[in-house]
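Have a look at the structure below, then the notes.
The values are calculated or read from the model by the stated rules, or taken from the named source; none is laboratory data. Small disclaimer: the values here were computed from a predicted structure and weren't measured. Glycine gets a Cβ as well: all are built from the backbone with ideal geometry, and neighbour counts include every protein chain shown. For accessibility, only protein heavy atoms count, side chains too; no ligands or nucleic acids. Shrake-Rupley method; radii C 1.70, N 1.55, O 1.52, S 1.80 Å.
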Amino acid sequence: PEAMLDLVRAGNMRPSAAQVAERAGVGLRTVFRHFDEMEVLYREMGEVTRAKVMPIVERPYANGGWRERLNEMVERRIVIHEDIMPLKIAASVLRFRSAFLMEDYSEHLKMERKTLAAILPEAVRKDQVLFRALEMVTSFQAWRRLRQDQGLSVAEARRVMMRLLDGAIGSLK
């Protein structure tokens, strides 16, 4: 899976088996023998990505108040989103043809929602409009749009995301 991950990170959103074989320094038959079904390769790529991301997601928060934890969560997500952006984009291209990638996408959304809900006070969680707004502002999709579609630098995208976050939570205590 590392060869495929390297190709995706380099911008090739749909690497061919021949490209994977060349990158891995193996024959095409070896690639097909190891990954006779693309779902197996997608699962292995997902495992590699989760092993990298979950320690960041599960690390205890350093700050005490919910606003500080929310800001820290956003900073963590920025690091994660930057790292996995090519992989997430490639998976988005392919997820409608892969049961695993569709399930993985759904699980990613649930994880984002769960980690957000865990740090917010009950009043914010119960305000569904506010909660959904915060979910959107802190999502990978928002980050991808800022970075890819709007062409912002990491620093510029961070400022926009934090401004949106501040605007959404306003004067809440």
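Computed quantities for the displayed model
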item	result
Helical contribution to [θ] at 222 nm, DSSP H n ≥ 4, -39,500 (n - 2.57), averaged over the chain, rounded to 500	-24000 deg cm²/dmol
Share of alpha-carbon pairs per 10 Å distance bin for the chain, given as whole %	9, 34, 31, 17, 7, 2, 0
Amide N proximity, the range 83-110 versus residue 118 label position 7 Å along Cα-to-Cβ, cut-off under 13 Å	110
Mean Cα-pair separation over length for the chain, i.e. relative contact order, pairs under 8 Å, 6 or more apart, %	20 percent
Surface accessible to a 1.4 Å probe, per residue, for the residues of the range 80-132, Å²	54 Å²
Gaussian network model of the chain, springs between alpha carbon atoms under 10 Å - residue of 15, 55, 86 with greatest fluctuation	55
Solvent exposure ordering (accessible area, 1.4 Å, most first) of 66, 143	66, 143
